[in-house]
Amino acid sequence: MGHTFGRAYINHVTGTVQISVKLSRPLRFEAGQYLLLWIPRVRLFECHPFVVTSWADAEQSIADLFIKPRRGFTSSLIRYSHENVVPRLALFSGPHGVSVPVWDYEAVLMVATDNGISAQAPYLKKLVYGYNHCRGRTRQIHLVWQVTNLGIVHAAESILNPILNDDTLDDGYVHKRVPS
């Protein structure tokens, strides 16, 4: 944990902002952890915590973030999203937070509304990985996701479909896919 920098690629997709931060050095993020992000070009004196939606069983060179723009820093991100090909200097600290030991449970109930799926996605990926590699005790996952705008479903496809595509053992662990 500490302060480091990277390059932020900002993308606006159907009411959400997706940021991929190319890290200056690989870091290990556990499911449920977050980082404090500061992009001076967007807002000079503001940093914000964001859950890292990507998870891997190793160090990562890219941290993915899924953000609901509100006001201030998060709404300012939209202005820079059309310049996705131009990476922005990003400074951050982290990872912060504690991960729930989801592999310890036979059945897992996950509940999310709208952009809250971003907090569940790394746990879902970890559970599918654990099932495929015979780690942990989890045999059932129930994900309840209430959405008020179908645009969020479209935006979350880039996060959820790769997780569902990794579900290959025993003809699939998850039986419902996000529509593409």
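Give the residue, chosen from Val144, Val98, that is among the β-branched types (Val, Ile, Thr), touching a strand residue (DSSP E or B) at 6+ places or on another chain (Cβ under 7 Å) and not in a helix (DSSP H, G or I). Before the answer, list the steps.
Working: Val98 fails: touching a strand residue (DSSP E or B) at 6+ places or on another chain (Cβ under 7 Å).
Just one listed residue meets the conditions, Val144.
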*In the list Arg71, Arg79, which residue meets the criterion of being more than 27 Å from Val128 (Cα to Cα) and in a loop (DSSP other than H, G, I, E, B)?*
Arg71
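Can you pull out the strands (runs of 3 or more DSSP E) entirely within segment 14-64 that have at least 3 residues that are in contact with a strand residue (DSSP E or B) (Cβ under 8 Å, 6 or more places away or on another chain) and over 14 Å from Gly97 (Cα atoms)?
Working: elements: 16-27, 34-38, 48-51.
Counting at least 3 such residues, we get 16-27.
Any read-out appearing in this document is the output of simple, stated calculations on the displayed coordinates, not a laboratory observation. As the structure is a prediction and not an experimental result, all values here were calculated from the model. Every residue, glycine as well, gets a Cβ built from its backbone with ideal geometry; the counts of neighbours run over all protein chains shown.
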